[in-house]
Amino acid sequence: MPKLDLKTAGPFIALVVVFIIGVLVNDAFLSSGNLSNILARSSFIGIVAIGATFVITAGGIDLSVGSMAAFISGCMILLMNALMDTIDSMVAIIILAIIASLGIGAVAGLINGLLTTKAKIEAFIVTLGTMGIYRSLVTYMADGGTLSLNFTIGDVYSEVYYGVFLGLPYPVWVFLAVAVIGYVLLNMTVFGRHCFAVGSNESVARYSAINVDRVKTATYMLQGVCVSIATIIYVPRLGSASGQTGILWELEAIAAVIIGGTVLKGGYGRIWGTVVGALILTLIGNILNLTDAVSNYLNGAVQGIIVIVAVYLQRGAWRRD
Amino acid sequence: MSDENSKSLTLSVRKLRKSFGPVEVLHGIDLTLRGGEVHAILGENGAGKSTLVKILAGFEQLTGGELRISDDSGNSKRIDVWNNAIAEQAGVVLIHQEFNLAEQLTVAENIFLGNEIKGRVFLDKKTMRSKAQEYLDILRSDIDPDASVDQLPVSAKQMVEIAKAQAKNARVLVLDEPTAVLTQQESQVLFELIDRFRKEGVAIVFISHKLDEIEQIADVITVLRDGELVGSYPAADLSKDDMARLMVGRELSSLFPEMPEVPVAAEIVLRVDNLLLQGNSAPSSFELRKGEVLGFSGLVGSGRTALMETVLGLRKEAKGNSGCVELRGERVDFKQLSTARDKGVAYLTKDRKDSGLLLGKGLTFNFSLFSLHKISKLLIDTKLEKIAFEKAIETFDIRMKDRSIAAGNLSGGNQQKLLLAKILEAEPSIIIIDEPTRGIDIGTKSQIYCFIAELVASGHSLILISSDITEVIGLSHRVAVMYHGEISGVLEGNEIEEHEIMRYATGLKNKLSYHDQLESGISNAKA
């Protein structure tokens, strides 16, 4: 293992800096309510970004995650509302919806994967296409408006987002679990090694007896499942889905991955970096909310600057190697 | 224009040195190229020929010594800044081993690529087309200037390269292994051309491994060995034996270890029967026996790698293929390399940098990539991995500054040893080795030959693809020769000799013995 270098420590240092800025800006920042709110909100993008870490490490890109989240939300809501008439147990309905959600996520990922590997279309184009398709499908399903979850189910389901365990909201625990599993999968298993190898050089991977297509497809499926998990904890938050759900998630997820030190051209990925990247993005939004110095409307601009600076620093560190 | 055409040029280098990072690959070379002379540069793989000509053509920068140009009137000047653009301006043109053509453009467009003739605003396509036709006529070539380059056969592509050199008004024409991809007849056409250029006062640098060709056309021969200048000699003073001796610098036999005999009754471990490759009409058949090294010789592009990659499932066989592959008598159809690996067949690629190693990744990462299944259940056992790697470092004598460097920072020889270690870690019993010593120093070469001998002695079976004929002769029990995608002969015993191999490799001889034998075998069986 290499010693602590700027590449590894950079995102963590940045997180500390942003955190200190937060403390300086407003006393309310350190309140336990605010902190757990930050953690819970960062979990959506964070979980999606962990999936994206695999896709990007293996040399791909998935732009469809935001639309996919909206589409899965829509499907879950429609399914749960429909099951109200036939099944009495709210919990059973929710569990069925969760299973369906995971299935849709996996299949959506599989489609992205097969189109890139078997049909040999660039991932950027494939996922740009599916992005449009899912976005349009959810708008169609909602008839241009909003799909709302039945209140009775919503009350039961809201526990998944608002419930607390050991002082932390459930979404934070889910985020943590996904991160730990992601870390183990990427760094300690054959599949993880294969992701690194495929992203570094597909030809070498092929000649090393790695089934490149299968590895790439698996990363897209993993991404789909992550989107589905994020959706499962997102739906009870608002209890609705529309054409506006999950907008720009793909860019925030990719930004979190890049800030975390994963290389966009593939071959090198870091799960903890991604987690930190997601936290930084959420923190910035939160701090802008708490201060008058910079308008909250400039959130996107600040995030954009952070991404560019992060990549600039990464490249610099790259050259010094 | 015509004035310039008549001018000849002398290009010379003195005490030329070239280092890549800390490694010096050329150690003080003197060389003088005179107009009207064909200057052959001779040397083994890795002797530094390609680096030298790249420096002459300005693709690489020299790191020591000087470069001078003098014209007809004897004005000699030292060149301080030398890059590809300046070199071409001066009339020094290199024709690469792998051609440098834009495949999607037409012949005429390629000839004037980067050298376009402009009208007032737009390109003057008409003039370019008619000029291109002119150049092609001079070459007595019937290539259509409007043809798309990707549709042309290799020999025609080479013609286009030469026409392109003409368009640049070449005074020094450097040909890096131009005949490697040509048939005998095509080579003769090229030699006639070279002769004509010579008469026009062009200085020609000619790199080839084929001593016959050098004897035929060279005026001056410069021999390099391991980056050192052995000497420059008038071609008339050297016999082919002299050339080989100067090139190798020692008796050839000492380089190769004693190879154990293959028992007559040795089991056939791999049989390829009438396998049809993509883009080829004739099917291929061969057999590999236990404990044998079966050499595969042939010119570049003769289909050796394609054949092996098809056997291994890295390439699809041709549609309508009715042939098959048998492993120890059992019929197999590898759809992907992992299946082959799990059945004990491994392939060492010839492209160390492009498909062999992940240059940006660590040594252990690379080492275990092909055999991860051996050291992992749910998770990878990194302790086992480390132990195996340390053992491999010892066995294969992989030398490095420290364990944490990336594979790309190893020297070429050590990269090759790491690649060999990576492949053998999967414990294959049949190993297909493709160009195992390309671009490797002589010391590592002989180490690799020893590994090969040890593998065979311990019951492994090897297929050795190599463009280095001495290597094939020195290591193989039998030699299969390929020509234009088919096996033109399998040579045994006394037939394994350089000239005989070349005859099969160039299509002069073709026994297709396997095919016939198989057919007669089949008809015998029927009878």
**Fill in**
Log entry, pairs with first residue in the stretch B:471-484 being outside the structural domain of B:T444 (by TED's automatic domain parsing), second being not acidic (D, E), beta carbons closer than 6 Å, six or more apart or on different chains, reads none
**Prompt:** Given the stretch B:144-251, what helices (runs of 4 or more DSSP H) lie entirely inside it while holding 3 or more residues that are within 30 Å of B:L105 (Cα to Cα)?
**Reply:** B:154-167, B:184-199
**Asked** Does the stretch B:316-336 contain at least one residue that is over 24 Å from the mean Cα position of the chain (by Cα), closer than 29 Å to A:L186 by Cβ and within 12 Å of chain A (Cβ to nearest Cβ)?
**Response** yes
**B:Q184, sole failed condition from (1) in the same structural domain as B:I487 (by TED's automatic domain parsing); (2) under 24 Å from the mean Cα position of the chain (by Cα); (3) surrounded by fewer than 16 Cβ atoms within 10 Å (Cβ to Cβ)** = (1)
**Request:** Identify all residues within the stretch A:226-242 that are surrounded by 20 or more Cβ atoms within 10 Å (Cβ to Cβ) and among the hydrophobic types (A, V, I, L, M, F, W, C); write none if there are none.
**Result:** A:C226, A:V227, A:I229, A:A230, A:I232, A:I233, A:V235, A:A241
**Prompt:** Among the residues of the stretch A:192-200, is any within 18 Å of A:V225 (Cα to Cα) and either at pLDDT 95 or above or in contact with a strand residue (DSSP E or B) (Cβ under 8 Å, 6 or more places away or on another chain) (or both)?
**Reply:** yes
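Does A:G46 satisfy being in a loop (DSSP other than H, G, I, E, B) and crowded, with 24+ Cβ neighbours inside 10 Å? Full working, then the answer.
On the way: in a loop (DSSP other than H, G, I, E, B): no; crowded, with 24+ Cβ neighbours inside 10 Å: yes.
When the stated conditions are applied, A:G46 does not pass them.
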**Message:** Just checking: which of the strands (runs of 3 or more DSSP E) contained wholly in the stretch B:44-109 hold 3 or more residues that are under 28 Å from B:L299 (Cα atoms) and in contact (Cβ under 8 Å) with a residue 40 or more places away in the chain?
**Reply:** B:92-95
**Prompt:** Just wondering, is there one or more residues in the stretch B:138-154 that are in contact (Cβ under 8 Å) with a residue 60 or more places away in the chain and within 22 Å of the chain's Cα centre (by Cα)?
**Reply:** yes
**Prompt:** Counting only residues that are of a type in the set (G, A, S) and over 20 Å from B:A340 (Cβ atoms), which one in the stretch A:180-217 is farthest from the other protein chains (Cβ to nearest Cβ)?
**Reply:** A:G182
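Going by what's in this entry, would B:E192 be described as out of contact with any helix residue (DSSP H, G or I) (no Cβ under 9 Å at 6 or more places or on another chain), in the same structural domain as B:K49 (by TED's automatic domain parsing) and closer than 30 Å to B:S12 by Cβ?
Working: out of contact with any helix residue (DSSP H, G or I) (no Cβ under 9 Å at 6 or more places or on another chain): yes; in the same structural domain as B:K49 (by TED's automatic domain parsing): yes; closer than 30 Å to B:S12 by Cβ: yes.
Considered against the rule, which asks whether it is out of contact with any helix residue (DSSP H, G or I) (no Cβ under 9 Å at 6 or more places or on another chain), in the same structural domain as B:K49 (by TED's automatic domain parsing) and closer than 30 Å to B:S12 by Cβ, B:E192 comes out as yes.
Give the residues of the stretch B:280-319 that are in a helix (DSSP H, G or I) and either of a type outside the set (K, R) or over 23 Å from B:T339 (Cα atoms) (or both), sorted by residue number.
Taking the stretch B:280-319 as the starting set, the residues that turn out to be in a helix (DSSP H, G or I) are B:304-312.
Passing the criteria: B:T305, B:A306, B:L307, B:M308, B:E309, B:T310, B:V311, B:L312.
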**Prompt:** Within the stretch A:201-218, is there a residue that is in contact (Cβ under 8 Å) with a residue 12 or more places away in the chain, surrounded by fewer than 23 Cβ atoms within 10 Å (Cβ to Cβ) and small (G, A, S)?
**Reply:** yes
**Message:** Checking the structure you have, find out if any residue of the stretch A:98-115 is under 20 Å from A:L238 (Cα atoms), of a type in the set (S, T, N, Q) and surrounded by 15 or more Cβ atoms within 10 Å (Cβ to Cβ).
**Reply:** yes
**Request:** Under 7 Å between Cβ atoms, at least 6 apart or on separate chains: pull out the pairs that start in the stretch B:381-404 with a residue that is in contact (Cβ under 8 Å) with a residue 40 or more places away in the chain and end on any residue that is outside any helix (DSSP H, G or I).
**Result:** B:S404/A:P2; B:S404/B:G362
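Going through the stretch A:51-94 one residue at a time, which ones are among the hydroxyl-bearing types (S, T, Y) and crowded, with 24+ Cβ neighbours inside 10 Å? Working first, answer last.
Applying the first criterion (among the hydroxyl-bearing types (S, T, Y)) to the stretch A:51-94 yields A:53, A:57, A:64, A:67, A:73, A:86, A:89.
Across the stretch A:51-94, the qualifying residues are A:T53, A:T57, A:S64, A:S67, A:S73.
So how many residues does the stretch A:112-125 have that are in contact (Cβ under 8 Å) with a residue 60 or more places away in the chain and either part of a helix (DSSP H, G or I) or in contact with a helix residue (DSSP H, G or I) (Cβ under 6 Å, 6 or more places away or on another chain) (or both)?
So in the stretch A:112-125, the residues in contact (Cβ under 8 Å) with a residue 60 or more places away in the chain come out as A:112-114, A:116-118, A:123-124.
From what is left, the residues that are either part of a helix (DSSP H, G or I) or in contact with a helix residue (DSSP H, G or I) (Cβ under 6 Å, 6 or more places away or on another chain) (or both) are A:112-114, A:116-117, A:123-124.
Number satisfying all stated conditions: 7.
The values are calculated or read from the model by the stated rules, or taken from the named source; none is laboratory data. Predicted model only: the values in this text are computed from it and were never measured. Positions of Cβ are backbone-derived with ideal geometry, glycine not excepted, and every protein chain shown enters the neighbour counts.
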